[in-house]
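Please treat every number below as a calculation from the coordinates, not as lab data. Keep in mind it's a predicted model, so treat the numbers as computed, not measured. With ideal geometry, Cβ positions are generated from the backbone for all residues, glycine too; neighbour counts draw on all protein chains shown.
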Amino acid sequence: MQILLSSIINHNRKYTKEGEVATYIPELSKADKNHLGIYVVTLDGEEYGEGDYNVKFTMQSISKVVTLMLALLDNGPEKLFEKIDMEPTADTFNSISSLETRNPQKPLNPMINSGAIATTSLIYGESSEKKIERILKFTRRITGNKDININYDVFKSEKETGHRNRALAYYMKSTGVIDGDVEDILDAYFMQCSMEVTCKDIARIAAMLANNGLLPWSGERIIPAHYARIVKTIMVTCGMYDESGEFAVKVGIPGKSGVGGGILAAVPNRMGIGVFGPALNKKGNSIAGLKVLEELSRELDLSIF
Ligand code: GLN
């Protein structure tokens, strides 16, 4: 495995030259485009890292997987899917249009920004501080990494420039999808996106999902198996936004990307994978990261289809 990962990282490094790091959140433009790393946690206890797997990056939309799990634990699927749908979309991740045109006017799914903001609003905690405290605690428990924290420079940068997310949230307040203080809910959302991790952390979250909700290394149950199934299904249909179909064909693994350059991929009953490469395509997904996953899936026959 180590040799395979090393060769995959080496010959996909050329793709780090393509695409651009995210700049719409100014702080993210400081990322080094040349970075490329992978970490694999198998369910039989092996772990392998290659390339820049120790470099920290912010979770961004990968955090939507964590908050979906926590919101499911807090509310149960019935209440959650009353507010947020489970349908894929061919629109961009920050699209506002379907919020007005669909009937009922609820966000399409928890993996796009509107649905994720609504999901965060459902997490228990009377203020953003309380919510983020619980989100951080939950993330640290799954990863076993007590040092996971918020990158406050990224948080500030996103809060100052996140007008599209603000528009989505106020729109959803007007239609009754979200209750409460909109700015406070946005603070919790911007903070969850600014949680700083490495490939290893996201591979561990993926391994728990691959293992149907149990931490493979300790047997501790994090979420019920049927919640893990819901989350993985939504990752397959919606995790790569309007590139989810192509990802399903080329890689075939439940995955979730973020504009920090990370991709979390959970191979049911086999392994969790974390990939990082900050240069993105137009859809906001890591170009080299996609190539690495495509090759690994082909080599190890990981597609679930
Ligand atoms: N924090 C980012 C945003 O809300 C997350 C988007 C992403 O990773 N695709 O725009």
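Some observations on this one:
- Cβ-Cβ distance of residue 17 and residue 303, R₀ of 22 Å, FRET efficiency by 1/(1 + (r/R0)^6): the value works out to about 0.20.
- Set of the stretch 136-154 residues, backbone N closer than 19 Å to the point 7 Å along the Cα-Cβ line of residue 73: 136-150
- Helix-only mean residue ellipticity at 222 nm for the chain, each DSSP H run of n ≥ 4 adding -39500 (n - 2.57), per residue, nearest 500: -14500 deg cm²/dmol
- Candidate aspartates and glutamates - alpha carbon under 16 Å from residue 146, same-chain residues fewer than 8 apart omitted: 133, 196, 201
- The stretch 176-236, relative contact order [Cα under 8 Å, separation at least 6], %: 18
- Here is the list for the stretch 90-194: chymotrypsin sites (Phe, Trp or Tyr not before Pro) lying in DSSP coil, each with at most 12 other C-beta atoms within 10 angstrom of its C-beta, are 124.
- Within-11-Å neighbourhood charge of residue 20 [Cβ basis; K, R +1; D, E -1]: +2
- Sorted by Cβ density within 10 Å, fewest first, the residues 226, 163: 163, 226
- Ratio of Rg to Rh over the stretch 234-288 (Cα coordinates, Kirkwood Rh, two decimals): 0.94
- For the chain, built as a Gaussian network whose Cα springs stay under 10 Å, the top-fluctuating residue of 213, 125, 255: 125
- Helix 163-174 vs. the chain, principal-axis angle (Cα, 0 to 90°, nearest 10): 50
- Leading residue at positive end of dipole, the chain (Cβ point charges), from 121, 212, 109: 212
- Rounded to the nearest whole Hz, the Karplus-based 3J(HN,Hα) values (6.51 cos²θ - 1.76 cosθ + 1.60, θ = phi - 60°) of the stretch 296-305 follow the sequence 4, 4, 5, 5, 9, 6, 8, 4, 7, 9, with x at glycine and proline.
- For the chain, the Stokes-Einstein estimate of translational diffusion at 10 °C and a viscosity of 1.306 mPa s comes to 85 µm²/s, using the Kirkwood hydrodynamic radius over alpha-carbon pairs.
- Extension gain for the segment residue 184 to residue 146, taken as residue separation times 0.36 nm less the Cα-Cα distance, is 11.2 nm to one decimal.
- The mean sequence distance of close C-alpha pairs (under 8 Å, at least 6 residues apart), as a share of the length of the chain, puts its relative contact order at 28 percent.
- Folded to 0 to 90 degrees: helix 152-161 orientation relative to the chain principal axis, Cα: 50
- Cα-based shape type of the stretch 1-83, given that a ≥ b ≥ c are square roots of the gyration tensor eigenvalues and the cut on a/c is 1.5: oblate
- Degrees separating the helix 199-210 axis from the principal Cα axis of the chain, which is the longest one: 80
- With contacts taken as Cα pairs under 8 Å at a separation of at least 6 residues, the stretch 1-47 carries a relative contact order of 33 percent.
- Under the simplified labelling scheme, the residue 174-residue 249 pair shows an inter-label distance of 3.8 nm, with each label point 7 Å from Cα along Cα→Cβ.
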